[in-house]
1. Which of 165, 175, 150 sits farthest toward the positive end of the charge dipole of the stretch 113-180, with +1 on the Cβ of Lys and Arg and -1 on the Cβ of Asp and Glu?
2. Along the charge dipole of the chain, pointing to its positive end and built from +1/-1 on Cβ of Lys, Arg, Asp and Glu, which listed residue (98, 112, 37) has its Cα farthest out?
3. How large is the translational diffusion coefficient of the stretch 27-76 in µm² per second when you combine the Kirkwood radius over alpha carbon pairs with Stokes-Einstein at 20 °C and 1.002 mPa s?
4. Taking the Cα of residue 190, stepping 7 Å toward and past its beta carbon, and measuring to each backbone N in the stretch 1-21: which are under 18 Å?
5. What translational D, rounded to a whole number of µm²/s, comes out for the chain from Stokes-Einstein when the hydrodynamic radius is the Kirkwood one over Cα pairs, at 20 °C and 1.002 mPa s?
6. For the stretch 73-184, what are the per-bin percents of Cα-Cα distances with bins 5 Å wide, up to the bin holding the maximum?
7. Per DSSP H run of at least 4 residues, take -39500 (n - 2.57); add these up for the chain, divide by its residues and hand me the 222 nm value, nearest 500 deg cm²/dmol.
8. Please report the spacing between the Cα centers of the stretch 76-138 and the stretch 155-188 in Å, no decimals.
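Nothing in this text is a laboratory measurement; each read-out follows from the coordinates by a stated rule. Because the structure is predicted, anything quoted here is derived from the model rather than measured. Here Cβ is always computed from backbone atoms with ideal geometry, including for glycine, and neighbour counts include all displayed protein chains.
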Amino acid sequence: MSERLVIMGPQGAGKGTQAARLAEHLGVPAISTGDIFRANIKGGTELGLLAQSYTSKGELVPDEVTNAMVRDRVGQDDAAGGFILDGYPRNAAQVVELDAILADLGTGLDHVVELTAERPELLARLRKRAEIEGREDDTEETIARRLDIYDEQTAPLTSAYAERGLLVRVDGIGQVDEVTDRVLAGLAAAD
Ligand code: AMP
């Protein structure tokens, strides 16, 4: 079974939920760059202060900051046997950096899971999450900005991973359990 995974998909596609479930199933940590930024913002760290000026507007945090954070996290002991990266890479430069980070660790990616969903469904889910969680970046304006950035910068990365034979595309619409089963079936078929 695959162990070094990236999970991609637009905001609202259920990446965080599925990453946590897969992590449990595979016995590896789920590493969410968004969660790490949010924890730092909450803790009032220097990294948090810097990140917040971008996350609050729905913009990407600069690559040098994000890349260094991921290099540090992926190199920690609990990730030695595998990990699920959620929310990284998000642009072409981050794809290059992730390859470099993993090459330095003497390893590479096994698969990239893409969760797909159309924008009306995503908007409905994100509006619901905004009501429940009250995330600072779940306002109408930032939601639209984040989905645009995903379409422009992140979605094109899946074709690069497909060319490398790493991509597993999964329909993200449905019950949480159903989607998890689809992901696991997709990974098993790709192995
Ligand atoms: P997420 O929870 O994955 O939607 O991330 C929340 C926010 O954190 C994003 O809107 C960005 O501002 C920032 N962020 C998360 N991951 C990255 C990344 N790979 N590169 C740059 N910024 C990121």
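1. Most positive-ward Cα: 165.
2. Farthest towards the positive pole: 37.
3. 191
4. Within reach of a label on residue 190, which here means backbone N under 18 Å from a point 7 Å along Cα→Cβ, the stretch 1-21 contributes 1-11, 13-21.
5. Approximately 127 µm²/s, per Stokes-Einstein.
6. Each 5 Å bin holds this share of Cα pairs: 2, 9, 16, 20, 19, 17, 11, 4, 0.
7. -17000 deg cm²/dmol
8. Centre-to-centre distance over Cα atoms comes out at 13 Å.
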